[in-house]
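*Asks:* Below: one structure in structure tokens.
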Amino acid sequence: MKEERAGLIADCINGNETAIAQLIQEYQLGVFRLTLSILNDPDEANEATQDTFIAALRSLKSYREISSFKAWLYKIALNISRSRLRKRNAIEHLQRTLASIFEAQSQNSPSPEEVVIHNEEDDAIWKALDKLGEKHRTPLVLRYYHDLSIAEIAEITGIKEGTAHSRLSIGRERLRIHLEDQRRNIGK
């Protein structure tokens, strides 16, 4: 069995697509279950599973048979899932912090009705922002909540200015669609 596994790994290192497919097929369900148990989001777990196999295939040359292949692969999946979870928690913390800052600023002396309307609007915007992927949400938050320039957004996110423009444009359009959907659902 060890020799068979070593041969499969060697074939994967050499770029044999059939061997790679066989390796993925053998471990995909287990890796997905592990990532799902950590992330508790099927879409994100699916992405983490894909990232796990990409990382594993890139690092396959460094695998040593000291530990089982399954343990080695699961360690990669665990690290990727934890990284995604930390990133998600950081974003959620940022959203809560921003929401509390905006609530504090909006409560300088508005009437109770204005506060309720403003909070509902903020909730609707944050819910719509939450539906966007990180690559579109982050530039919007940086631009409209932090008042950063396109150049600053590009520098912070490590993308080109043209890409920052594009992501802002796409993000605004998707945000508009999500907000319209929310308004329609409230009217039902």
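*Asks:* Could you look through the stretch 148-171, keep only residues that are touching a Leu at 6+ places or on another chain (Cβ under 7 Å) and not β-branched (Val, Ile, Thr), and pick out the one that is nearest to Lys127 (Cα to Cα)?
*Replies:* Top of the filtered list is Gly171.
*Asks:* On the given criteria, is Glu113 of a type in the set (D, E, K, R), closer than 30 Å to Trp126 by Cα and at pLDDT below 75?
*Replies:* yes
*Asks:* Can you work out which of the residues in the stretch 131-171 that are in contact (Cβ under 8 Å) with a residue 12 or more places away in the chain and of a type in the set (Val, Ile, Thr) is farthest from Gln182 (Cα to Cα)?
*Replies:* Ile156
*Asks:* Taking the stated definitions as given, is Ile54 more than 30 Å from Asn89 (Cα to Cα) and of a type outside the set (Gly, Ala, Ser)?
*Replies:* no
*Asks:* Can I ask one more? Got a number for residues in the stretch 1-29 being at pLDDT below 80 and either part of a loop (DSSP other than H, G, I, E, B) or loosely packed, with under 11 Cβ neighbours inside 10 Å (or both)?
*Replies:* Residues flagged as at pLDDT below 80 and either part of a loop (DSSP other than H, G, I, E, B) or loosely packed, with under 11 Cβ neighbours inside 10 Å (or both) within the stretch 1-29 amount to 4.
*Asks:* Check Leu168, Leu140 and return the single one that is surrounded by 14 or more Cβ atoms within 10 Å (Cβ to Cβ) and modelled with pLDDT under 85.
*Replies:* Leu140
The values are calculated or read from the model by the stated rules, or taken from the named source; none is laboratory data. The structure presented is a predicted model; accordingly, all values stated were derived computationally and were not measured. A quick note on method: Cβ atoms are made from the backbone with ideal geometry, for glycine too, and the neighbour counts reach across all protein chains shown.
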